Amino acid sequence: MSTLFDPIKIGDIELANRIVMAPLTRNRASAGNCANELMAEYYAQRATAGLIIAEACQISPMAQGYLDTPGIYSPEQVAAWKKVTDAVHAAGGKIVLQLWHVGRISHSSLLPDGAAPVSSTAQQSPAMTYTAAGFVPVSAPRALRDDEIPALIEDYRRAARNAIAAGFDGVEVHAANTYLIEQFLRDTINDRTGPYGGSIANRARLLLDVLQVVTAEIGAGRVGVRLSPLTTFGNTAPLDSNPQALYDYVVEQIAPLGLAYLHMIEGETGGTRHPENAPPFDYAAVQRAFPGAWMVNNGYGRDAAKAAIVEGHADLIAFGKGFISTPDLVRRLREGALWNELRVDKLYGGGAEGYTDYPTLAD
Ligand code: 8OZ
């Protein structure tokens, strides 16, 4: 019987424990959307996690949706991330990078030449985003043409290659939280015809194409994927009309790829794991279909996390808010110590305050 504190090998990556730092957008990148010393310090402080999933990182200039998020498409960005991965490795940790394309959750002021965001659809999301001018509604998107999709997939391949060049132990493909890949998956957003619209197989095609090229590029044992079948993510989009059928298919298709892990956001991202209005969803059925490590996330506390591992509900537990406020979360989980209080006003943007200045027990 395994516990939260036991080591585990996921694909090609050996972890000291089953406690994962979830990917967390913090909007503290420097000029050129580069990581920096402050980010290196922040991640190194949290390196006792079995695995760190670094914050969502845009795979191209068109993939950005918020101010000051980091990228992984330029040589400068690769060099900047190398300082982060070196710091985490020097502290004994493992770190993968989350590969992100926001799709329609963006604003023209953040995009090259003031372009419209791109998506599976031309329908605007009711979402808001954070720009240089403050919190604003996202822009109306343009539907990608089918002949633009190969270049998009190529952007994922380059990002994966860059992540390995930057010293990451692997990548996580962000297919959750109603960003681009989920804008293709859900029938309530994707209104295309052709090879990437209509049937479940067609709507899942972009995700599967991306996973094909990314696993071919860096090896499946260094690749994970994040999914969120039941999130409306702050009403940015409605759920699919049949999440069970959609994700039964997606996971059945992903299973033979040999991914290191699948990262499941249970329920409403940042909210309840059991949303009342959501359709029933059998996570266990999907889990049984996936041969790699099963990671769950969303509001787990100490008791629920320990039980989830012991009972086989999951192989790994990802903590978001817990790792923001509590750099030594692993020790506190072990000892049953209280976590620091989260400073919600310091989540997005700013400097060291509410970022690298949270105390450890040793302090
Ligand atoms: C919060 C703010 C901006 C982006 C996600 C990348 O939830 C995000 C994100 C979260 O996946």
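Some notes on this structure:
- Spatially proximal lysines relative to Lys346 (Cα-Cα < 25 Å; intrachain offsets below 8 disregarded): Lys83, Lys321
- Counting only protein heavy atoms and a 1.4 Å probe, region 142-192 has 30 square angstrom of accessible area per residue.
- Exposed loop sites here are trypsin sites (Lys or Arg not before Pro) assigned a DSSP state other than H, G, I, E or B and surrounded by at most 16 other beta carbons within 10 Å; excluding them, the longest clear run of the chain is 1-144.
- Solvent-accessible heavy-atom area per residue, rounded to whole Å², over region 241-355 at 1.4 Å: 45
- Mean ellipticity per residue at 222 nm, deg cm²/dmol - from DSSP H runs of n ≥ 4 across the chain, formula -39500 (n - 2.57): -8500 deg cm²/dmol
- The chain: C-alpha pair distances exceeding 36 Å, %: 14
- Dimensions in Å of region 204-333 - Rg and Dmax from alpha carbons: 15.2, 42
- Carbon + sulfur, % of accessible area of region 158-219 - ligands and nucleic acids excluded, 1.4 Å: 49
- Mean-position separation - Cα centroids, region 310-334 and region 123-165, in angstrom: 30
- DSSP-defined antiparallel bridges as percent of all bridges, region 8-346, nearest 5: 20
- Only Lys, Arg, Asp and Glu carry charge here, each on its Cβ (+1 for the first two, -1 for the last two); on that basis region 225-363 has a dipole of about 240 debye about its Cα centre.
- Principal semi-axes of the equivalent ellipsoid, √(5λ) from the alpha carbon gyration tensor of region 1-81, are 28, 13, 11 Å from largest down.
The values are calculated or read from the model by the stated rules, or taken from the named source; none is laboratory data. Because the structure is predicted, anything quoted here is derived from the model rather than measured. Using ideal geometry, Cβ is built from the backbone for each residue, glycine included, and neighbour counts are taken over all protein chains shown. What goes into the accessible areas is simple: the full protein's heavy atoms, side chains included, and nothing from ligands, DNA or RNA. Shrake-Rupley method; radii C 1.70, N 1.55, O 1.52, S 1.80 Å.
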